[in-house]
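Input: a single structure, listed below in structure tokens.
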Amino acid sequence: MAWSVFTLRKENRSFGSLSLFLSKFYFILSRNFVYLSLHTSNPKTVTKNMEEFSTGTDPRVPAVKPDSKPSSLEEVPLEAASAAVSEDAEVDKDLLCPICMQIIKDAFLTSCGHSFCYMCIITHLRNKSDCPCCSQFLTNNQLFPNILLDKLLKKTSARQISKTASPVEQFRQALQQGYEVTIKELDNLLSLLAEKKRKMEQEEAERNMQILLDFLQCLRKQKVDELNEIQTDLQFIKEDINSVERHRVDLYRARDRYSVKLRMLGDDSSTRKPWSSSMDKNNSGIVSSSLNIRGGMPAGNLQNKKIDGKTQLSGHVSQRKDALSGADSQGFNQSGLSVARKKRIHAQFNDLQECYLQKRRQLANQLHIKQESDKNVIHREGYNAGLADFQSVLSTFTQYSRLRVIAEVRLGDLFHSANIVSSIEFDRDDELFATAGVSRRIKVFDLSMVLNEPADVHCPVVEMSTRSKLSCLSWNKHWKNHIASSDYEGIVTVWDVTTRQSLMEYEEHEKRAWSVDFSRTDPSMLVSGSDDCKVKVWCTKQEASVINIDMKANICCVKYNPGSSNFIAVGSADHHIHYYDLRNISSPLHVFSGHKKAVSYVKFLSENELASASTDSTLRLWDVKENLPLRTFKGHTNEKNFVGLTVNSEYIACGSETNEVYVYHKEISKPVTWHRFGSQEMEDADEDGGGSHFISAVCWKSDSPTMLTANSQGTIKVLVLAA
């Protein structure tokens, strides 16, 4: 403490007033108090140290060595402080700022003896005028730099860094600090470093070569696997080509046999006799001519026979030309269709190739197709199930290339927004179809009347008014006159089309009901889904729901499995499809994930195949039995509206927000064809800024190529797939 007394004496001479001396003395005492506090973990010891310092009896005051450097006065206690920091956790807390609880930066001391980060205490004093530790009155003028604590913190930090530094870093620091090294030592170090460098380079080269070797081996294995797969595919293709060639030969032979039989059946005995006699004459003429050449007949007789033969032959040739002219034109048409189908194959060759290989690989080991018992059916020797399945896909895919309009119905004013058709459905026998939408009416049309009557006189055979806008319709597939509807108020209604009266009304949904569907296997059961996040199963024999499923997101669509009334598919706004077994609704049987937005429609192609539509502009096909995604279909545009979805055993159709209808084959991810709704009035409306129309509903007529489509303008078109 001698340096402190000396400092006091020196500064006592420099201060001219007692008050300044006392304040400075108070500051120095406070700084020494903090210094001593860093050397002990017991606050009572600090007080005792201060008392012993005042009497001069403190045995623990660090001694100053006379031969030490000037900085040794600080280094000895700093080393002790560093040891205390590493050994005692309580001292570590003393190095933390009481405000930010971090290591103190730019330490400042208060008049009450507490140290803080400069920015922390300044920020605190802007709001309050007290010490954060003891609440004593404090201002900015009572803050002083704590130089000793700053030095201690810096040296402690340096020691901590040196402990964690690498040997190279420590050696570099030693050289920077003036550590003396001889030339011989440096040479040894350089030799050692050079040898170490060569060894590291050798190891690095070996590692690089090993990495390259691993890559090449992996690449070779991958290419060998690909080669084996290609060889297997080539073997499949070779076998299938041979099978198809044999089948084609059989077809040509059968065609020739049928042609001969038809010609024989078409020619009666009366027509065959003149032909045979004329042929006899011709033959005799030919024979006589040959004899004449040899000198056996006169030249005049030969000339007469030649003329007769030519006349008869020319008549027969003209008859055959007339008979074959129709066949030639038919053959030309068939040739044109064949060229068009080949163009479709080349346009979708990659997708068809993938489909072929997938089916061929899956069914490579299955048995050959069973032969028909009918003798007239040509035996398809060598055909396997995979090839036959793909041939079916190829035939149905290339069979159609466009959609043709065969009828059109307009429900109202072309530019009236209340004409949107939300749902369109065929009845059990595909004779009637019903429409519903925002017009609050269910209209039932007779398909035969729509197809046969002029476009301007189409009137519904039945019309029923509802209280609210309608979202969905579902015909009962057992009772022809029953149809169910769901509306914007959440009401599910079962109607009798014959009496035009409602049979049942279910009002348990709290919000808009988007979807309703009758079970195909149990005609008394139907299911509905709503914005209230609930799926409800109803029975037409009861007034309340029989099953209630609570979900976490809005329900956009529901559908019964066509093979069982125990399974339903639910499309939700959570981007998933939930497949439930109604015998256990505690959790879904499967959850199909893949869509990026809300699932707007779900439809079953079969008991195991489920199609879904989403506002992410995609359709997806799922296998509900194996819980697998099968295919994704892209081409249409659907980002916000319900544009409709319909399926049959081979094709999937949907609407688009571009006012177009798209048709997909279930085995091909790209559209087969599409049709755009349009007329001169619509084009004029588009030019005036009304071009936001979209397809709102679609429906296949069972497994036929006929389809009903409707758009947001209330226009209904009957389309048919055409070559």
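A few points about this structure:
- Label-to-label distance for Q358 and C218 is 2.8 nm, based on points extended 7 Å past Cα in the beta-carbon direction.
- Solvent-accessible area assigned to carbon and sulfur over the range 459-578 amounts to 44 percent, based on a 1.4 Å probe.
- In the full protein context, the range 93-166 carries 59 Å² of accessible surface per residue, based on a 1.4 Å probe and ignoring ligands, DNA and RNA.
- Close amide H pairs (under 5 Å, H built 1.01 Å from N) link I547 with V537, residues at least 5 positions away or on another chain.
- The stretch between R467 and V591, if pulled fully straight at 0.36 nm per residue, gains 41.1 nm over its current Cα-Cα span.
- Between R253 and R410, the FRET efficiency estimated from the beta carbon spacing at R0 = 51 angstrom works out to 0.40.
- When each of the peptides 643-652, 135-144 is scored by the mean number of other C-beta atoms lying within 10 Å of its residues, the order from highest to lowest reads 643-652, 135-144.
- For the range 93-166, the fraction of 1.4 Å probe accessible surface lying on carbon and sulfur atoms is 56 percent.
- Across K670/K717; K511/K640; K552/K640; K597/K717; K534/K670, pairs whose alpha-carbon gap is larger than 26 Å: K597/K717; K534/K670
The values are calculated or read from the model by the stated rules, or taken from the named source; none is laboratory data. This is a predicted model, so every value here is computed, not measured. Heads up, the Cβs are rebuilt from the backbone with ideal geometry, glycines too, and the neighbour counts pull from every protein chain shown. With ligands, DNA and RNA removed, areas are computed over all heavy atoms of the protein, side chains included. Shrake-Rupley method; radii C 1.70, N 1.55, O 1.52, S 1.80 Å.
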